[in-house]
């Protein structure tokens, strides 16, 4: 079996999880493909391939840019593991969306998982799942990979899984109601949300590091083009002088309501 990973990972969390799962399989030769900046090569997989796909969740959906990168994939009966990485709130229908997408392209789903990564909006002032995936998360990813390896060596390695049956994250009903009511209030009031990170010119050194790590090429002359920005905040987290920020009201709201640690879930 040939093991592959595919990840879309502007801030590195999805890639880290995908590689941890692959490492857990114990296979020595693994092909890692990062889709963050470019679509993967036009490679047609087959029944001798296992492909581990990990993508981030934005607003309860698979990041649209990740879906765009993957549109040329051809499974041709390849086995697949679908993984979504979310920022400690909820992944909603993202795992189902990814699973259906892969099935429609000829992949055979034998494993699925939901993992936690530091939220894109997390900052020192508004911490949301800071540092995740952490050591405990990576141990879980390795365990997932070990389980996949056992399945591959079993008499029924291609037994399909239904990602809709995966255990949902625990949610405090009152917290969720408060979150939804707050957001609905913003919408009713017509509250304007920032469309892209902003720059503190007093701190900016014009090093162009932000442009180099932007997955959509949205940054020109230190300014992000709203139409291209996907709000991944890679540029914010990667700015060496802290000159970039994304002042969204969602950051303090999420930090206040979703600070309790959620656990990773997977099924094989």
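Below, the figures for the structure above:
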{"read-out": "Residues (assigned to a loop (DSSP other than H, G, I, E, B) and farther than 30 Å from residue 140 by Cα) located in region 209-238", "value": "216, 217, 218, 221, 222, 225, 226, 227, 228, 229"}
{"read-out": "Sole exception among (1) part of a loop (DSSP other than H, G, I, E, B); (2) on the phi < 0 side of the Ramachandran plot; (3) surrounded by 18 or more Cβ atoms within 10 Å (Cβ to Cβ); (4) not assigned by TED's automatic domain parsing to the domain that holds residue 11 for residue 205, by number", "value": "(3)"}
{"read-out": "Output for region 21-49, where each listed residue is out of contact with any strand residue (DSSP E or B) (no Cβ under 7 Å at 6 or more places or on another chain), surrounded by fewer than 20 Cβ atoms within 10 Å (Cβ to Cβ) and within 23 Å of residue 235 (Cβ to Cβ)", "value": "37, 38, 39"}
{"read-out": "Qualifying residues in region 1-20 (those that are in a loop (DSSP other than H, G, I, E, B) and under 13 Å from the mean Cα position of the chain (by Cα)) - the one farthest from residue 234 (Cα to Cα)", "value": "8"}
{"read-out": "Members of region 184-205 that are under 30 Å from residue 68 (Cβ atoms) and touching a residue at least 12 places away in the same chain (Cβ under 8 Å)", "value": "186, 191, 193, 194, 195, 196, 197, 198, 199, 204"}
{"read-out": "Residue 106 being more than 22 Å from residue 157 (Cβ to Cβ), in the same structural domain as residue 40 (by TED's automatic domain parsing) and in contact (Cβ under 8 Å) with a residue 24 or more places away in the chain", "value": "no"}
{"read-out": "Of all residues in region 236-265 being in contact with a strand residue (DSSP E or B) (Cβ under 7 Å, 6 or more places away or on another chain) and farther than 12 Å from residue 125 by Cα, the one that is surrounded by the fewest Cβ atoms within 10 Å (Cβ to Cβ)", "value": "265"}
{"read-out": "Residue match in region 189-198 (condition: assigned to a helix (DSSP H, G or I) and surrounded by 16 or more Cβ atoms within 10 Å (Cβ to Cβ))", "value": "no"}
{"read-out": "Meets criteria (in a loop (DSSP other than H, G, I, E, B) and out of contact with any helix residue (DSSP H, G or I) (no Cβ under 7 Å at 6 or more places or on another chain)) for residue 241", "value": "yes"}
{"read-out": "Subset of region 67-80 (residues that are out of contact with any helix residue (DSSP H, G or I) (no Cβ under 6 Å at 6 or more places or on another chain) and buried (at least 18 other Cβ atoms within 10 Å of the Cβ))", "value": "69, 70, 73, 75, 78, 79"}
{"read-out": "Residue check for residue 167: part of a loop (DSSP other than H, G, I, E, B), surrounded by fewer than 19 Cβ atoms within 10 Å (Cβ to Cβ) and touching a strand residue (DSSP E or B) at 6+ places or on another chain (Cβ under 7 Å)", "value": "yes"}
{"read-out": "Test: residue 8 is in contact (Cβ under 8 Å) with a residue 60 or more places away in the chain and surrounded by fewer than 18 Cβ atoms within 10 Å (Cβ to Cβ)", "value": "no"}
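The values are calculated or read from the model by the stated rules, or taken from the named source; none is laboratory data. Computed from a predicted structure; not experimentally measured. Every residue, glycine as well, gets a Cβ built from its backbone with ideal geometry; the counts of neighbours run over all protein chains shown.
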